[in-house]
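Working notes for the structure below.
The values are calculated or read from the model by the stated rules, or taken from the named source; none is laboratory data. The structure displayed is predicted, hence computed values, not measured ones. Cβ coordinates were reconstructed from backbone atoms using ideal geometry, including for glycine residues, and neighbour counts include every protein chain displayed. Just the protein is used for accessible areas: all its heavy atoms, side chains included, with ligands, DNA and RNA removed. Shrake-Rupley method; radii C 1.70, N 1.55, O 1.52, S 1.80 Å.
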Amino acid sequence: MAKPISIEVWNPSGKYRVVSTKSMPGTRWIRLLADNDCRLEICTETKTILSVDDILALIGDRCDGVIGQLTEEWGEVLFSALKRAGGTAFSNMAVGYNNVDVEAANRNGIAVGNTPGVLTETTAELAASLSLAAARRIVEADQFMRAGLYDGWLPHLFVGNLLKGQTVGVIGAGRIGSAYARMMIEGFKMNLIYYDLYQSTRLEKFVTAYGQFLKANGEQPVTWKRAATMEDVLREADVISLHPVLDKTTYHLINPERLAIMKKEAVLVNASRGPVIDEVALVEHLKANPMFRVGLDVFEDEPYMKPGLADMKNAVVVPHIASASKWTREGMATLAALNVLGKIKGYPVWGNPNLVEPFLKEDATPPAACPSIVNAKQLGRPAIVKALRTGARSIILYLSVQDHTPLHEV
């Protein structure tokens, strides 16, 4: 017999049973579910990562939808159990869904939601923070002070890298990569080199305009270049930030050969997906090149680090907190809840998953739509809602699902 799972219940008499595998920030997401006749059960187990058996116990014999986390493995076992329980909806509280077997969800008729549109700026800010912390050796210096080792100013004490006028390299210039680039260019007047399969015209125009502004004010203008190859970025940039999607082509994107062509005093930042870096090779490179530095928010085998990484003073490591701003995490919880609620209620799918402001207005009723369902087309959802801004108004268009092409940005 399975061990009982501890839960907190909201709106016990609700018609629809929704399970959240974790407590999530904010209370608006709870109110939205409860106000729409949902009985919400929030798992209160203290363990960080729930097992498949734990989640099976939460689903039980009747469950309309589940809000889950990226640390959980959602495959055939869980989706078939959710289907047997009468469920039709699952949403990650995350933009990524590498933990989800979408084909298994399709086979069981389960809609899979995610939460894009609220992570762009906060993730870019964390990448910029890691860049500065690594370049200026802030964590090393902090530990030095706390250990009581500082006994006076010295010319060579924690000398790091100046960012102003250097070159920032971006691999993957989608929404987050472009936001990061703008922060580094505006904040530190860095020049840009980027690599992406698609031209980032908006980013290029921004850098050009900012360069003209600097020149008009008697300063050195910034420049941009779209690299022909990723290797060009790695060779030329002083700071490199990784923003690709994770798939077979980007697994171990940063390997021994590519590490070897980077500058000896370069800074490498990763706030995308851990497996894009060969972490074993990175540890060896850090050992051999003490002035090479990294800032990491994600890891190849989370929650674990490869042996030796924690001992490297030239590595700044944080526990996957790129989205950990209050506004963003509360927004993610709201979007995940609305994905599940929308599928239960039979709402159509919002046409632009990156245009989510209408769902996040605290005192307003959100649109009657699922903010983002990644397998909407495969499930043949009846309609797609597309929101177009025209001044202060929003026009809602209904398109057939065949006409809907999901946006794909890294």
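Odds and ends about this structure:
- For region 295-327, a residue qualifies if it is charged (D, E, K, R) and within 18 Å of residue 70 (Cα to Cα), and the qualifying residues are 297, 300, 301, 302.
Residues checked against (1) closer than 23 Å to residue 143 by Cα; (2) modelled with pLDDT under 95:
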residue	(1), (2)
297	yes, no
304	yes, no
311	yes, no
315	yes, no
320	yes, no
326	no, no
343	no, no
351	no, yes
354	no, yes
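- Considering region 251-294, the residues that are touching a residue at least 24 places away in the same chain (Cβ under 8 Å) and among the acidic types (Asp, Glu) include one that is least open to solvent (accessible area, probe 1.4 Å), namely 279.
- The set of residues in region 197-225 being in a helix (DSSP H, G or I) and open to solvent by less than 50 Å² (accessible area, probe 1.4 Å) consists of 203, 204, 207, 210, 211, 214.
- All of 323, 241 fail the test of being part of a strand (DSSP E or B) and touching a residue at least 24 places away in the same chain (Cβ under 8 Å), apart from 241.
- Of all residues in region 296-307, those being without any contact (Cβ under 8 Å) to a residue 60 or more places away in the chain and within 14 Å of the chain's Cα centre (by Cα) number 2.
- Strands (runs of 3 or more DSSP E) contained in region 1-77 and holding at least 3 residues farther than 19 Å from residue 370 by Cα: 7-10, 38-43
- Condition broken by residue 81, with the remaining ones in (1) over 30 Å from residue 272 (Cβ atoms); (2) open to solvent by less than 20 Å² (accessible area, probe 1.4 Å); (3) in a loop (DSSP other than H, G, I, E, B) satisfied: (3)
- Residue list for region 204-238, filter: of a type in the set (A, V, I, L, M, F, W, C) and in contact with a Leu (Cβ under 7 Å, 6 or more places away or on another chain): 207, 222, 224
- Extreme residue, most open to solvent (accessible area, probe 1.4 Å), among residues of region 326-377 that are in a loop (DSSP other than H, G, I, E, B) and among the β-branched types (Val, Ile, Thr): 365
- Here residue 310 meets each of (1) outside any helix (DSSP H, G or I); (2) free of Cβ contacts under 8 Å to residues at least 12 places away in the same chain with one exception, condition (1).
Yes/no matrix, rows are residues, columns are (1) in contact with a helix residue (DSSP H, G or I) (Cβ under 7 Å, 6 or more places away or on another chain); (2) more than 30 Å from residue 73 (Cβ to Cβ); (3) not assigned by the TED database to the domain that holds residue 292:
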| site | (1), (2), (3) |
| --- | --- |
| 112 | yes, no, yes |
| 124 | yes, no, no |
| 130 | no, no, no |
| 139 | yes, yes, no |
| 143 | no, yes, no |
| 147 | no, yes, no |
| 150 | yes, yes, no |
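- Checklist (1) within 20 Å of residue 7 (Cβ to Cβ); (2) at pLDDT 95 or above applied to residue 71, failing item: (2)
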